Amino acid sequence: SMLADRWRLMRNYVLRRVARFPKPVRAAVMAALDPARWAGLTLRAQAPSAAEGLRSEHRPGELLEGLRELGMALFRCNMTGHAYRLLGRAVDVIPREKLRLFLEGADEVLAAVAARTDWAQGGAPDRELSIGGFLFSREESRRIPALILQNLRELCDLSSASHVKVAIVDNGLFANWLQLVDARFFASEAAEVEADWQLRGQEREFNYGQKGDDVFCALFKEPRGPPKACQTEYVVYHRFNLLLVNVFRGLFLRGPRAAMRRQLYSRVLGSLSPRPDLLRSRDEVLAMARPGARLIGVHKRVDNPGTARMQLDQVMPSTASFVQATLRLASRHGDAENTVVILATDDTAAVPAFRAAFGERLLCRAGVRRCDGGVNDQGVPIEVHGQPERLTLDDARDCFVDALLLASCKAFVHADSNVTIAVGIMNPEAEAVHVRDLVNAESA
């Protein structure tokens, strides 16, 4: 087993070092190591335990079974003392099912990094927008194991906290939704988890309103009590599951473990209830579909250098590719003429393209803020958020209603985005199909 191999390594290391000592010193050290000398002694308060870390009852081999990349990069028999102690603590304080999910995500990230790193170059890789190109430099990739350990250490602290506050991440609405759901997932079931989404007025991307507006209260009906003074409050500033971050988002809804991930995360949504007016807005759109129609959702992000950079393939598929993928999915399910397509998009050009392809079988909310994509005169990517003009709480509501509509579908077509991960968690039974799995990559 891993622990037996580790103790053999430690034993041999100690014996080799002791063998180099002069004979009198060697004899004294061996005498000090005699277990009989320590029998009956008690551990001094706050002294580190020699057994701190992994123990046989932790069953580390079972926990790490099948996680090849983690086994090579971090948690091997000759792992560092820090990793050894940290993994032991994690097993003690994080429910095993949740810890395994985190470790599986870390393993997938390490595999993706290994495949997408330009190991021959020391500097930054050439990030030309080409499918399957390198994403990381050698130095960037070598920082990933330390990031995994840092997140695991913070998860131990989060799991031990009785009160958790989730701060704003200055990104889109669903980056914050995922951060909140991620914190709820890893926090103790007895912990109180609240979203601190009150705007400070300095947000660049999460700017849905004016200073003092509470975006959370505009979307959810979850009751809030008065603030509680708590000595064990833990503040969450980022997502811990690396499959919810950056380009790695493209892995969350794909692969053999995707269905299990979605099911586990969906369990924490019980008390995260949308406001009744948002549900009414969703239902008004759904009522426009023919009775008995099969609903297929499509989430089409606007194309600009920023959104393309967040794709695992570094290219945002074209609107034509999304249309073609939707047609193929409808055909795959049979009775394509009885399929109604629900389009959620921030891309102005996507709406007429889908209207031309699906006619009256297309449902798409009017009056939602959209843009043309590309870059402005200063070379800054153009999209709905992150622009000089502040958004409003209504824009946040529109975005959330679109996600609720997608979650009402039996299947949805997607690229890599926070919105579609959220939809996959809201409705873990829906079929999530990446556009590139339906359309040839070269033509997308």
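In the chain, helices alone account for a calculated mean residue ellipticity at 222 nm of -12500 deg cm²/dmol, with every DSSP H run of four or more residues adding -39,500 (n - 2.57).
Got a number for the accessible area of residue 434? Probe 1.4 Å, square angstrom, nearest 10. Approximately 10 Å² for this residue. Couplings 3J(HN,Hα) of region 160-170, computed from phi: 9, 7, 8, 9, 10, 10, 9, 7, 6, 9, 6 Hz, in residue order, whole Hz [Karplus 6.51 cos²θ - 1.76 cosθ + 1.60, θ = phi - 60°; x for Gly and Pro].
Counting only C-alpha contacts under 8 Å and six or more residues apart, can you give the relative contact order of region 193-295 as a whole percent? It rounds to 23 percent for region 193-295. Can you pull the one-decimal nm distance between simple spin-label points at residue 140 and residue 394, each 7 Å off the Cα toward Cβ? It works out to 4.0 nm between the two label points. In terms of overall dimensions, the C-alpha atoms belonging to region 285-363 reach 40, 24, 19 Å along their principal axes, ordered largest to smallest. Taking amide hydrogens as placed 1.01 Å from N in the peptide plane, the amide H of residue 235 sits under 5 Å from those of 165, each at least 5 positions away in sequence or on another chain.
Spin-label pair residue 39-residue 369: with each label point 7 Å from Cα along the Cα-Cβ axis, the two points sit 7.6 nm from one another.
Explain nothing, just the number: relative contact order of region 311-396, from Cα pairs under 8 Å at least 6 residues apart, as a whole percent.
Working: 64 pairs, mean separation 18.7, N = 86.
It rounds to 22 percent for region 311-396.
Among the protein heavy atoms, those of residue 59 account for about 110 Å² of accessible surface (1.4 Å probe, every chain in place). Amide H to amide H distances under 5 Å link residue 340 with 294, 295, 296, where only residues 5 or more positions off or on other chains count and H is placed in the peptide plane. On the beta carbon distance between residue 167 and residue 27, with R0 = 60 Å, the FRET formula returns roughly 0.55.
The stretch between residue 288 and residue 65 holds 75.4 nm of extra length on full extension. This uses 0.36 nm per residue minus the Cα-Cα distance.
Computed over protein heavy atoms with a 1.4 angstrom probe, the accessible surface ordering of 136, 206, largest first, is 136, 206.
Label zone (residue 235, point 7 Å along Cα-to-C-beta; backbone nitrogen cut-off 19 Å) within region 137-161: 151, 154-161. Straight-distance candidates among the lysines for linking to residue 211, with alpha-carbon spacing under 20 Å and chain neighbours fewer than 8 residues away dropped: 165. With the whole protein complex present, residue 197 retains an accessible surface near 0 Å², based on a 1.4 Å probe.
When 234, 208 are compared by accessible area of protein heavy atoms, the largest-first order is 234, 208, using a 1.4 Å probe.
What FRET efficiency comes out for residue 76 versus residue 16 if R0 is 30 angstrom and r is the Cβ-Cβ distance? Round to the nearest 0.05.
Plugging the Cβ-Cβ distance into 1/(1 + (r/R0)^6) gives 0.90.
Using the Cα coordinates of the chain, the gyration tensor eigenvalues translate into equivalent-ellipsoid semi-axes of 47, 26, 20 Å, sorted from longest to shortest. For the residues 165, 23, 221, a 1.4 Å probe over the protein chains yields an accessible-area ranking, largest first, of 23, 221, 165. On the basis of the beta-carbon distance and an R0 of 22 Å, residue 157 and residue 97 show a calculated FRET efficiency of 0.70.
Taking loop as defined by DSSP and a crowding limit of 16 other beta carbons within 10 Å, which GluC sites (Glu not before Pro) in region 5-98 fit?
When the GluC sites (Glu not before Pro) of region 5-98 are filtered for loop state and at most 16 Cβ neighbours within 10 Å, 52, 65 remain.
The values are calculated or read from the model by the stated rules, or taken from the named source; none is laboratory data. Since this is a predicted model, take the numbers as computed values, not measurements. Because the Cβ atoms are built from the backbone with ideal geometry, glycine has one as well, and the counts that use them run over all protein chains shown. Heads up: the accessible areas ignore ligands, DNA and RNA and are worked out on the full protein's heavy atoms, side chains in. Shrake-Rupley method; radii C 1.70, N 1.55, O 1.52, S 1.80 Å.
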